[in-house]
Amino acid sequence: MEETHRGQKTQRAYDRRAFLAKSLTFLVGTFVGLDFFRPAEASERAAFPKIALIIDDIGSSVSRARAFAALSIPLTFSILPQLRYSRLLAQEMDGLGHEIMLHQPMEPYRHELDPGPGAVYISYGDREIEEIVRENLAQIPEATGVNNHMGSRFTSCPRKVIQALKVIKESNLFFVDSLTSSHSKAYKMARRLHMRAAPRNIFLDHEPDLATIRFQLRRLKAHALTYGAAIGIGHPHIPTLAALHAFKWELEDQGNPLELVPVSRLL
């Protein structure tokens, strides 16, 4: 409810006073430290605003991954390690020209949630964390970057998350902080290591219903128009697929200047 109210308020402000809304958004984003993209010049916004769409949780369903690939838009597929179809889908999606990431499982705050095989926990020693991340990366050599799966607890612990990030940096990969918690220190630690990194801007389908996802896509579009770029994260849900299909045609029908790109283009 709070996010819906905030999104509606931002949209109304944008419609009434576009320049003021963009300026205020930038100042607030700078203050809280969650906005990676600086506001582009007006000419850049008009011609080159870019959106990167990451589809998480790939590896358990071949048909779902292929359905998203069939949208024929640039997508970045983030693949969970050690699942039945992880290797197959990494090869297949890469062969179709899509960018591939490792979706590294990390410990959440809620103990009843299982992040799955290949997860790292704050109780693990530094060497164990490094070995697990290396093993997961070795399974998905097509990966050009990494983002966290769950990880609200792990990413809030700077000393532990930096051990995982060091392996990612050694592999010359980028990192996207999924920001599953406002307490995450992962993006801050990645920047301290001088890595190519960014936080996600909008979760598309935290509530996986079509109306909510389409609203979140409008928020993502507004963010890109304000800052020149935006990163959205979705999951292989049927409503997400339907919303992205409509979003694709909306952009094409309106001759919108927004460009869909792999996430690496924004780092």
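Hey, what's the Cα Rg ratio for the stretch 152-267 versus the globular rule of thumb, 2.2 N^0.38 Å? With N residues counted in the stretch 152-267, Rg over 2.2 N^0.38 Å equals 1.18. Neighbours of PHE77 by Cβ distance under 14 Å: Lys/Arg scored +1, Asp/Glu scored -1, total -3.
Restricting the calculation to Cα atoms, the stretch 33-266 yields a radius of gyration followed by a Dmax of 16.9, 53 Å. Electrostatic tally near ILE233: other residues with Cβ closer than 11 Å to its Cβ, Lys and Arg +1, Asp and Glu -1, net -3.
If you take all other residues with their beta carbon under 14 Å from the beta carbon of ILE168, and give Lys and Arg +1 and Asp and Glu -1, the sum is +2. Estimated from the Cβ-Cβ distance and a Förster radius of 25 angstrom, the FRET efficiency linking LEU113 and GLU259 is about 0.10.
The calculated FRET efficiency for the pair GLU128 and SER72, based on their C-beta separation and a Förster distance of 41 Å, comes to about 0.50. What are the aspartates and glutamates whose alpha-carbon lies under 16 Å from the alpha-carbon of LYS50, with same-chain residues fewer than 8 places away excluded? Straight-distance partners of LYS50: ASP35, GLU41, GLU99, GLU250, GLU252, GLU259.
Rule-based calculations on the coordinates, nothing more; no lab input. All figures in this text were calculated on a predicted structure; none of them were measured in a lab. Cβ sites come from the backbone with ideal geometry, for glycine too, and all protein chains shown count toward neighbours.
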